[in-house]
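Please treat every number below as a calculation from the coordinates, not as lab data. No experiment lies behind these values; they were computed from the predicted model shown. For neighbour counting, all protein chains shown are included, and Cβ atoms are generated from backbone atoms with ideal geometry for every residue, glycine included.
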Amino acid sequence: MLVVTLGERCRHEKTIFNKIDKIMDDLISPKYQMQLIASVEKAIWDEYKSYKQVRLYIEKWYQNNYEPYGFNNDFWENFKIVEKSNKDIDLTLTLHSMSGSDILKIAIDLGVDTPDFIPSIPTFKNELKSDSKTAYDTFTKAYKQIENDPSTAVGLANSALESIIKEILKDERISCKISGGETLYKLTSIILKEFNITNKEHPIEIKTIGSSLLAINQAIEKLRSEKTDFHGKTDDDYLISDTIYTYFIINSVATVGLFLNSYYKTKFPKPEPIIDTNDELPF
């Protein structure tokens, strides 16, 4: 029987964490990390007004392998909590001691936009903010759950996409009306038919991409139904837990949502208000 000691396990975990951080740091340039850290620091102080609250928040991200009654020759920590001379946390230096992956996780948790790493999301959120508050709130919750709860993030992203399509289909100029209980797949089928994206006037490549939207949204719906906690699961069922897939799914939702919203605005522009220029002055 293979026996793994606590020290060996800690060294193995440290190796894995270091490899992950190395990959993430290679993806996130030093220049971008500097910009992101500045945004994260501002967001932390905006959210938590005292040194005590800031430290408590930062400590929730802190990890180490310290053993009070064991050997600590191979001590590891994911970052250093740096203190000022008066023992208050030095947030700037603490953030700069973190890996790019930890900074990215904190940015997502605080709702800080990461346009150079997840490019479509800031644009998508801005679109939703002005067009659909329900979809905006739902997608923002999904975005914040990417790292902490990938399964919930996927479910919420599916709901956000449903809300976007339902909002578009409320337009009186669109003939098809819905009952309210349609799934994402059914809603996508309806809106693609209304948009007439796959008609013969378009190049074959555009029609292929249009048809693929239905397959993408069907896959997102199936992931929500079959691979998340949104429906009852057994211990043997597979649940999405790897954030790399969650980033992929959230980006896909943002890309599809942006296209549908942009196409709708182009094909169904808001009517210009009618201004009566014949009104006579009362004198």
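So what's region 139-258 giving for Rg/Rh, alpha carbon basis, Kirkwood Rh from the mean inverse pair distance?
In region 139-258, Rg relative to Rh is 1.01.
For a footprinting-style exposure proxy, rank Glu182, Glu205 by other Cβ within 10 Å, fewest first.
The order, fewest Cβ neighbours first, is Glu205, Glu182.
Amide H of Glu83 versus every other amide H placed in the peptide plane: which residues, excluding those fewer than 5 positions away on the same chain, fall under 5 Å?
Under 5 Å from the amide H of Glu83: Asp90.
Residue by residue through region 29-42, what is 3J(HN,Hα) from phi via Karplus (6.51 cos²θ - 1.76 cosθ + 1.60, θ = phi - 60°)? Round to whole Hz and write x for glycine and proline.
Rounded to whole hertz, the list is 5, x, 4, 5, 4, 4, 5, 5, 4, 4, 5, 5, 4, 4.
If packing is taken as the mean number of other Cβ atoms within 10 Å per residue, what is the order of 154-160, 40-46, highest first?
Answer by packing, highest mean first, reads 154-160, 40-46.
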